[in-house]
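Some notes on the structure that comes next.
The values are calculated or read from the model by the stated rules, or taken from the named source; none is laboratory data. Here the structure is a predicted model, which means the values were calculated and not measured. Ideal geometry is used to build each Cβ from the backbone, glycine not excepted, and the neighbour counts take in all protein chains shown.
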Amino acid sequence: MFTSAFLVSTPGRGLEKLPKPKNVFVNSTNMRHILRWSPVKVPVGEISYSVKFQGEFERNHKKTWVAISECSGMTETSCDVTMDISSDVDYDLKVRAELGNITSKWANLSKLFNRKETNLTTPRLTIKSNGGLQTIDVSDVKKNINARIYYWEKGVEQQIMNTSMDQNPYNIVLQKGVLYCFRAQLFIPEYNKFSNYSDPVCELVNGDSTSEEILTTVTTVLLLGVLILIISLYLTWKLFCRTHSAWLPKISTPSISSFDNLRVDVMSEEDFSHEYCHVVRVLPQSEPLLSQCQALTREEKPDCKLIQTVGQTTS
């Protein structure tokens, strides 16, 4: 015998029976019902489990049990029976362990379960303000579970208002510019069952957007647009600098290492001082050449001899 798991075995015959699961109970929170039990331990193999339920009709009239297909041959030690417990009557549930062809006895609830016993948790509250419209989101609001919202102007707690909601989120129109506080509570009307209150959440009811806010928004958008344009132009210029050599190839020009080697044939002022100039006078043939030569200076007379010679020849 394997005492720690209550597994009975005999030499040469293998396992003969399995112990049934223990601590079978229903954990019900916010109308969600989960059947749980303690695992059965064996030295070899893996244990699986199967679950059945019995409502008031099956128990009193049909004397039968209904197998839950989603919880047949499962290895987990919990089973969601929310869809099977569909009315406000008492239910019985049972589970057994299975290892191959060997099965344990059925283990039942210690007492019948009614979904009215479900526990409601403290809700979480979220407020979003849009002008005078307050959007309130309360967790765990669903079918059969509603929420009651309490709200008041901060500092005037004696004037608490409340409203009920059966859908999520819920909208309330309040006075603008006032600081309001909110808290919520889950409840099931049919069972007169309530949860604890949530912690208060205080929000200032904002007004509509003012002209200054609109101007600030427009200015911000324009500045962002200008900044994006400047960045785009800068990136375009950088791209052009990187690729312009491919678009506009360079044309090579002759290089001049030094202007000292250039020869410029320009006469200096000294060159003109050595230039010889002769005075040539054209005289009519009727005028004697001799009289003209006598009027010349001493430096000009040597040249006059040549002129006389030319004049005689022409005459």
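Of note:
- Candidate set: region 44-54, residues that are farther than 16 Å from P21 by Cα and surrounded by fewer than 19 Cβ atoms within 10 Å (Cβ to Cβ); chosen: the one modelled with the lowest pLDDT: V44
- One residue from I68, I102 being surrounded by 15 or more Cβ atoms within 10 Å (Cβ to Cβ), under 19 Å from V26 (Cα atoms) and among the β-branched types (V, I, T): I68
- Listed by first and then second residue, the pairs linking a residue in region 169-181 that is farther than 19 Å from P200 by Cα and basic (K, R) to a residue that is at pLDDT 85 or above and in a strand (DSSP E or B), with Cβ atoms under 9 Å apart and 6 or more places separating them unless they lie on different chains, form an empty list.
- Residue match in region 202-222 (condition: within 25 Å of T121 (Cα to Cα), free of Cβ contacts under 8 Å to residues at least 40 places away in the same chain, out of contact with any helix residue (DSSP H, G or I) (no Cβ under 7 Å at 6 or more places or on another chain) and not aromatic (F, W, Y)): no
- Residue, surrounded by the most Cβ atoms within 10 Å (Cβ to Cβ), within region 105-133, restricted to residues that are among the hydroxyl-bearing types (S, T, Y) and closer than 22 Å to L35 by Cβ: T118
- Qualifying residue in region 132-140 (condition: in a loop (DSSP other than H, G, I, E, B), assigned by TED's automatic domain parsing to the domain that holds D199 and either within 12 Å of L186 (Cα to Cα) or over 33 Å from the mean Cα position of the chain (by Cα) (or both)): yes
- Residue match in region 147-155 (condition: modelled with pLDDT under 90 and surrounded by fewer than 16 Cβ atoms within 10 Å (Cβ to Cβ)): yes
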